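The values are calculated or read from the model by the stated rules, or taken from the named source; none is laboratory data. Keep in mind it's a predicted model, so treat the numbers as computed, not measured. Please note: Cβ atoms are built from the backbone with ideal geometry, for glycine as well, and neighbour counts cover all protein chains shown. Ligands, DNA and RNA are excluded from the accessible area calculation, which covers all protein heavy atoms including side chains. Shrake-Rupley method; radii C 1.70, N 1.55, O 1.52, S 1.80 Å.
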Amino acid sequence: MIKTKLLSIEDLDKIEIQDQLKQAINQNKLVIFPTETVYGIGGNALNECSAKAIYEAKGRPQDNPLIVHIHDEKEVAKYALSISEKAKRLMTHFWPGPLTLIFQKKDIVPKQTTGGLETVAIRLPSNPVAQKLLNIVGTPLAAPSANLSGKPSSTMFKHVKDDFYGKVDFIIDGGKSTIGLESTVLDVTKDVFVLLRPGSITKKAIEDVLNEPIIDQSGERNTEKVMSPGMKYTHYKPKGNVILLSGTIEHIKNYLESSQTIDSKTALICATNYQAMFSFMNVFPLGNLENMDLIASNLFSSLREMDEKEMEQIYIIELPKEDIGYAIMNRVLKAAGYQTLKL
Ligand code: TXA
Ligand code: MG
């Protein structure tokens with residue numbers, strides 16, 4: 001058991017805390033910090049021992065590569081073999097922000113950080129606390145989402161404390177993550193860029209900047225073919241059985257109303273717009289359909305709440321797949337293990 005120190009944002013201004021953080025990262029210890037997407041569990045990206053510590057703390061398979069977080073665009077050249085003009089355009093437009101780019105890696109990045117791959121994922125987060133921490137420690141941080149492997153990512157201080165108290169040296173409280181879904185992951189090593197994980201920066205937004213189409217492989221489920229190893233593992237799954245319901249809202253209502261198995265351990269996760277229609281069961285509203293960003297930011301919390309309330313059967317009503325809805329539904333489908341009931 002490690003003695004975990006809990007820090008507030010203000011603590012980062014104290015010299016003695018800054019020294020402790022720098023020392024911890026130098027000694028391959030772990031620091032959990034907020035980003036605009038989800039909380040990250042960070043260690044020195046340039047030291048293989050840190051990567052090992054991260055995999056161990058998360059219980060994560062070692063072939064699932066980590067994202068390297070940097071605090072200045074110029075740093076990319078230190079870790080990437082080459083940066084195309086097109087990739088530069090994306091960096092200029094979307095960084096700092098929730099876009100992760102995959103480059104061919106230089107030797108300085110250990111294979112333990114990249115899960116044995118010859119490529120490295122790099123992201124420049126916009127969250128000021130993340131930026132401040134990166135500045136303080138002075139080294140890039142390898143940081144996957146701060147959740148035990150398989151669990152929903154953490155979007156609140158409470159989530160990271162639940163998963164990692166006693167397992168890391170520091171946890172920084174940055175409040176609720178503003179976006180709440182992990183970054184968009186884009187492979188820029190090919191002539192035509194490939195979307196590996198959808199996020200709040202959409203395929204269309206990327207294509208608009210590039211002025212050319214990209215390939216979408218984010219829905220790829222065949223494990224032989226997956227290019228982003230993270231995509232082949234079970235993700236975001238509460239303990240209960242999750243089923244995605246698709247179809248008209250009337251059909252969904254008829255189905256649930258006539259179901260004999262709904263009890264106090266059955267949950268329905270849906271847009272707040274439908275809450276009143278399903279008053280005969282436990283409803284966990286995500287936010288209004290008119291505010292899909294809010295729905296995105298509440299999704300992982302809601303999935304975690306299923307475990308806290310020990311829900312055994314969890315229904316989720318399909319959400320519109322436009323814009324950020326595409327990334328939301330990508331996570332929902334994984335949480336459901338792709339179990340869908342078409343009504
Ligand atoms: O928003 C985020 O990206 C958060 C915050 C903390 O920055 N981080 C995050 O990390 O979501 P993680 O490890 O949970 O997800 C990283 C994803 C995984 O699906 C992984 O397989 C993929 O990025 N990835 C990382 N390096 C890769 C590489 N070299 N090639 C292909 N995919 C890669
Ligand atoms: Mg993750």
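Figure legend. Inter-residue proximity from the stretch 55-84: first residues in a loop (DSSP other than H, G, I, E, B) and more than 9 Å from ligand 1 (Cβ to nearest atom), second residues hydroxyl-bearing (Ser, Thr, Tyr) and open to solvent by less than 10 Å² (accessible area, probe 1.4 Å), beta-carbon distance below 6 Å, spacing 6+ or different chains. Indicated pairs: 62/55. Of all the numbered requirements in (1) assigned to a loop (DSSP other than H, G, I, E, B); (2) without any contact (Cβ under 8 Å) to a residue 60 or more places away in the chain; (3) open to solvent by 10 Å² or more (accessible area, probe 1.4 Å), residue 114 misses one, and that requirement is (3).
A single entry from 102, 122 fulfils the requirement of being touching a residue at least 40 places away in the same chain (Cβ under 8 Å), open to solvent by 10 Å² or more (accessible area, probe 1.4 Å) and not in a helix (DSSP H, G or I): 102. Taken together, 81, 133 contain a single residue that is among the hydrophobic types (A, V, I, L, M, F, W, C) and within 30 Å of residue 294 (Cα to Cα), which is 133. With respect to the conditions (1) open to solvent by less than 10 Å² (accessible area, probe 1.4 Å); (2) without any contact (Cβ under 8 Å) to a residue 40 or more places away in the chain; (3) in a loop (DSSP other than H, G, I, E, B), residue 91 lacks only one, and its number is (3).
The single condition among (1) of a type in the set (A, V, I, L, M, F, W, C); (2) within 23 Å of residue 67 (Cβ to Cβ); (3) over 24 Å from the mean Cα position of the chain (by Cα) that residue 33 does not meet is (3). Meeting the requirement of 3 or more residues that are of a type in the set (Val, Ile, Thr), the strands (runs of 3 or more DSSP E) wholly within the stretch 243-343 are 313-317. All told, residue 294 meets the bar of being within 28 Å of residue 150 (Cα to Cα), among the hydrophobic types (A, V, I, L, M, F, W, C), modelled with pLDDT of 95 or more and open to solvent by 40 Å² or more (accessible area, probe 1.4 Å). Within the stretch 136-168, the set of residues being over 26 Å from residue 75 (Cα atoms) and more than 14 Å from ligand 2 (Cβ to nearest atom) comprises 156, 157, 158, 161, 162, 165, 166, 167, 168. Go through the residues of the stretch 194-210 one by one and say whether even a single one is within 13 Å of ligand 1 (Cβ to nearest atom) and either more than 16 Å from the chain's Cα centre (by Cα) or at pLDDT below 95 (or both). Yes. Taking the stretch 114-132 as the range and being within 8 Å of ligand 1 (Cβ to nearest atom) and out of contact with any strand residue (DSSP E or B) (no Cβ under 7 Å at 6 or more places or on another chain) as the test, the residues that pass are 115, 117.
Each residue in the stretch 8-38 was checked for being closer than 24 Å to residue 52 by Cβ, outside any helix (DSSP H, G or I) and aliphatic (A, V, I, L, M), and 4 pass. Entry remark, the stretch 145-165: residues being open to solvent by 10 Å² or more (accessible area, probe 1.4 Å) and part of a loop (DSSP other than H, G, I, E, B) number 6 in total.
All of (1) in a loop (DSSP other than H, G, I, E, B); (2) more than 9 Å from ligand 1 (Cβ to nearest atom); (3) more than 14 Å from the chain's Cα centre (by Cα) hold for residue 135 with one exception: (1).
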